[in-house]
Amino acid sequence: MDTTIINISISKKLLKEADVIAKKESRNRSELFREALRGYLIKQKELSEMFDYGKSQAKKLGIKKADINRLIMETRDEVKNSA
């Protein structure tokens with residue numbers, strides 16, 4: 001595995017919390033932070049894909065960005081009134 005050493009700054013409190021989790025999971029800090037970063041990158045990719053899908057659906061339906069809040073409020077009202 002090709003690795004690079006980096007330096008990051010985090011609060012003492014956050015580091016202590018990370019150390020507790022690393023110890024519980026029998027990992028070292030590097031393993032924990034690598035896994036956390038992998039998870040973050042996966043979530044960001046998933047969110048990006050969802051937003052892209054939403055944009056394409058909105059385009060197909062002719063929904064403009066300015067319409068979104070109004071449509072959300074209308075849908076919430078419909079749900080409230082049907083309950």
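No lab work stands behind these numbers, since they all come straight from the coordinates. As the structure is a computational prediction, the values presented were derived from the model and not from experiment. Please note: Cβ atoms are built from the backbone with ideal geometry, for glycine as well, and neighbour counts cover all protein chains shown.
Just to confirm the number: angle between the C-alpha axis of helix 12-24 and the first principal axis of the chain, 0 to 90 degrees, nearest 10? That helix lies at roughly 80 degrees to the long axis. Straight-distance candidates among the lysines for linking to LYS12, with alpha-carbon spacing under 29 Å and chain neighbours fewer than 8 residues away dropped: LYS23, LYS24, LYS43.
Expressed as a whole percent, the proportion of Cα-Cα pairs in the chain lying more than 15 Å apart is 75%.
Around the Cα centre of the chain, unit charges on the Cβ atoms of Lys, Arg, Asp and Glu (plus for the first two, minus for the last two) sum to a dipole of about 200 debye.
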